[in-house]
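**Student:** After the structure tokens below, expect a handful of questions from me.
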Amino acid sequence: MFADRHDCVAAGLGCTRRLDRPCRAPEICLQFPRGEGGREGPVPGGCDTFTDGRGFWVRFTADNRHRAVFSDGRLRIDDRPVGEDQTMEPYGWWLGNRFYVVQADGPDDHPAQEYTMGYLVTTINSVVVYDADRAIEHVLDPAPDEQWTDPRVDLVDGALHVRPRPAAPPDRVIPLARP
């Protein structure tokens with residue numbers, strides 16, 4: 001398993017600066033990222049995501065305490081299996097160095113459910129949220145009146161805001177307990 005950024009660079013994985021080829025700037029990619037959020041292109045600090053271009057992804061938190069590894073349709077966070085009963089996208093994201101969020105196929109019995117082609121085959125999706133500090137997995141399914149076609153989760157003022165689409169207001173606000 002990949003323990004840190006050094007392992008990813010040594011294995012010849014691509015990084016968030018250029019996902020299509022092995023890392024060519026290990027002196028940069030091995031640094032800790034500066035701040036949180038996406039790390040794409042020529043930005044200060046190291047990379048947070050590495051891939052082989054064939055569906056294998058490694059994502060680190062900005063503080064390097066946690067890592068998510070997606071391979072062969074399975075997700076492991078800090079060496080623990082996550083979402084074992086879910087079909088998930090390979091593209092998840094970290095929130096606040098604590099939560100890993102990834103979309104998953106939604107419930108078959110949702111009244112608006114339809115099927116399509118892609119990583120996810122449902123048009124109404126669920127969200128898997130993993131609390132890495134507590135090692136607890138949560139699967140959030142949309143209610144019958146919620147249309148989560150491209151759900152997003154944000155961390156705002158100590159609460160998770162679940163939005164059905166990127167620009168939509170939240171359908172749910174989930175207050176968080178401190179770790």
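Every number here is computed from the coordinates shown, using simple stated rules; none is lab data. Given the structure is predicted, the values throughout are model-derived calculations rather than measurements. Here Cβ is always computed from backbone atoms with ideal geometry, including for glycine, and neighbour counts include all displayed protein chains.
**Student:** Round to the nearest 0.05 the FRET efficiency obtained for ARG178 and ASP79 when R0 = 25 Å and r is the Cβ-Cβ distance. Before the final figure, lay out each step's value.
**Tutor:** Values: r = 24 Å, r/R0 = 0.97.
With a Förster radius of 25 Å, E is 0.55.
**Student:** So if each residue of separation counts as 0.36 nm, and I subtract the Cα-Cα distance between ARG134 and ASP108, what length gain in nm does that give? Each step should come with its number before you reach the end.
**Tutor:** Values: separation 26, 0.36 × 26 = 9.36 nm, distance 2.93 nm.
Stretched fully, the ARG134-ASP108 segment lengthens by 6.4 nm.
**Student:** So, one more: When only Cα pairs under 8 Å and 6 or more residues apart are kept, what is the percent relative contact order across the stretch 63-179?
**Tutor:** Working: 233 pairs, mean separation 18.9, N = 117.
Relative contact order comes out at 16 percent.
**Student:** Right, next: Quick one: length gained pulling ASP4 to THR116 fully straight, 0.36 nm per residue minus the C-alpha distance? It would help to have the intermediate numbers written out before the result.
**Tutor:** Values: separation 112, 0.36 × 112 = 40.32 nm, distance 3.61 nm.
Full extension from ASP4 to THR116 adds 36.7 nm.
**Student:** Now for a separate question. Compute log10 of I(q)/I(0) for the stretch 42-108 with the Debye formula, placing one identical point scatterer on every Cα and leaving out solvent, at q = 0.12, 0.19, 0.25 Å⁻¹, to two decimals.
**Tutor:** Taking Cα atoms of the stretch 42-108 as identical point scatterers yields -0.31, -0.74, -1.18.
**Student:** Taking only C-alpha pairs under 8 Å that are 6+ residues apart, what is the relative contact order of the stretch 107-171 in percent?
**Tutor:** On the way: 99 pairs, mean separation 14.6, N = 65.
Over the stretch 107-171, the number comes to 22 percent.
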